[in-house]
Amino acid sequence: MSMKKEIVFLAIGVAFAFGFLTGYTVSILRGTKGIESSITDLMTQLPVAKEPISIELMERIEDLKERLREDPKDLTACLKLGNIYFDHNKYQEAIETYRQYLSIKPDDPDVRTKMGVMLRGLGDFDGAIDEFRKSAQNDPNHANSRFQLGVVLLKDKKDVQGAINAWEDYLKVESKGERPNWVRVQIERLKHGLVDRRANP
């Protein structure tokens, strides 16, 4: 075999080995970042605004605020207004509106959980955790508060064991479906240390 052919074969071999190692490395990194991508896919991140706040929506907001000025205990108006703020990531406005609602109806786990999501949006992770736990206490069968608790413990507080505990509690109240199946996989990954420490979480 000529020297030129040996060089060509050697180059092909090196390229093949490099390609294999690169592909293997990428697959590992993708696996370790699976928690982040899966959380995004299942809409556990902060809500994404459905649309810009239009003139019509502003008029609706003002109408709801006027109803609340006339009757601060109008829970329907309060909830509608809070949900508009929630859908458009108006964190502080949503929190204030939900607090007004919860001052009248403190045992509503859905509203309290939404307020927790908004607190998380402001970076108040401990406040969010507190609201999620209150929601779970108010309703022993409330699944979303338990799920969201696991998310904030893992993603924001980097508390792996706390997230495992929260999600195991979640599976006791919601055991069938895409989200529970995903949670079971993530719990096993977490227990085996399959978390990319360089990534978020």
### Cross-link table K105/K155; K80/K157; K80/K172; K65/K114; K65/K105; K80/K155, entries beyond 23 Å C-alpha to C-alpha
K105/K155; K80/K157; K80/K172; K80/K155
## Note on the structure
Restricting to aspartates and glutamates and to Cα separations under 13 Å from K191, and discarding same-chain partners fewer than 8 apart, the set is D159, E168
### Task
Among P52, L75, G177, flag the residue with its Cα farthest along the positive direction of the charge dipole of the stretch 36-191, charges on Cβ as +1 for Lys/Arg and -1 for Asp/Glu.
G177
### Task
Would you mind working out the magnitude of the charge dipole of the stretch 36-191 relative to its Cα centre, with +1 at each Lys and Arg C-beta and -1 at each Asp and Glu C-beta, to the nearest 20 Debye?
540 debye
### Task
Mind ranking 56-67, 118-129 by how tightly packed they are, going by the mean number of other C-beta atoms within 10 angstrom, highest first?
118-129, 56-67
### Task
With an 8 Å cut-off on Cα pairs and a minimum separation of 6 or more residues, tell me the relative contact order of the stretch 89-201 in percent.
18 percent
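FYI, it's all coordinate maths here, none of it is from the lab. These figures come from a predicted structure and were not determined experimentally. Cβ sites come from the backbone with ideal geometry, for glycine too, and all protein chains shown count toward neighbours.
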